[in-house]
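Input: a single structure, listed below in structure tokens.
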Amino acid sequence: MSDVMAGGRIVRPYTMTGGRSGVGLVPIALEALVTVTPAGMRMRGRFRWESAEILAHSRKETAIVELAAILDVPVGVVRVLAADLRDQGAVAITEPPGATDTADSDYAELLHKVLDGIKAL
Amino acid sequence: MGSKPSDRTGLTPVKIVVAGGFGVGKTTFVGAISEIEPLRSEAIITDASLGVDEIVADGTKTETTVAMDFGRISLKHHLVLYLFGTPGQDRFHFMWDELARGAIGAVVLVDTRRIEACFAAVDFFEKRGTPFVVAINTFHGRRVHDPELVREALRIAPEVPIVHCDARVRVDVQKVLVAVVEHSLERVMSEAAAS
């Protein structure tokens, strides 16, 4: 491929995503957790570059923002690629429970658990 | 999406934002309690993110890179808490909305020598309705300030907690995070009672 140079690949970030930046959609949260699915494990040979790396680094649940730091690419790139992988069934993405779309009682229960968790550190 | 995170057997991510002026100790704060060395990730902000509808096709759109530092803490109950330091420079305030979305709450870290550096953060969380606590960083060995003087200087509501912490000290940071979640919980309870 013409974009492969001796020391690695030299491309602008959004070339990796075909120019898409996910603008206009509610973006996947920075802290959303990406996990490879059994199907993703089976078809991982199909993916290249950053998509393959996302699969390799999400055997344990790993946040979008962590993947961006590990792969050293902008967060927007990981978002687009992770969304593609999800659409193909290769990863599952767990979004954080937002205060806005959660019933007060559920949210209060979550906060109690977080509080308990922090106090137990 | 679709299924509630709690329906899964896996982890549920939650987030607390750490804001304050440039150089106030946000990354130190995150690093004091994070189970990983604070990582840095970058977001590329284009004109489109700044509210301009059209992306110019001739490649003239401007791009800015914003760096944010974050840490991770595994909690019991299958929770994983991410702490995000906001980019310090004023020109990146639009990025804060993204960081605050879905956050349990926020910490506004204050250096009393430069108290005005946190005005923007206080304004932002007040307007957005994000529960926040003010943490006075005693990192520099300054005498402990009267919290009520800080409250007056910042003009914040009486219910906003003000705590002292040394951002280098894990138990101090833990105490601040407890204050954030308790404050957030109070907010949820009072809203539930009012409706």
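Across region B:186-191, coupling constants 3J(HN,Hα) worked out from phi with the 6.51/-1.76/1.60 Karplus curve, θ = phi - 60°, read 4, 4, 5, 5, 6, 5 Hz, and Gly and Pro carry x.
From least to most packed, judged by other beta carbons within 10 angstrom and beginning with the fewest, B:HIS183, B:HIS78, A:HIS112 follow the order A:HIS112, B:HIS78, B:HIS183. Computed about the Cα centre, the dipole magnitude for region A:28-119 is approximately 560 debye when only Lys and Arg (+1) and Asp and Glu (-1) carry charge, each at its Cβ.
Here B:MET95, A:MET41 are placed in order of increasing Cβ neighbour count within 10 Å, fewest first, which gives A:MET41, B:MET95. Measure up A:LYS60/B:LYS175; A:LYS60/B:LYS127; B:LYS26/B:LYS127; B:LYS15/B:LYS127 against 25 Å on the Cα-Cα distance and list the ones that go over. A:LYS60/B:LYS175; A:LYS60/B:LYS127, as the Cα separations exceed 25 Å there.
Throughout, read-outs are computed from the coordinates displayed, never taken from laboratory work. Since the structure is predicted, the reported quantities are computational estimates derived from the model, not experimental observations. With ideal geometry, Cβ positions are generated from the backbone for all residues, glycine too; neighbour counts draw on all protein chains shown.
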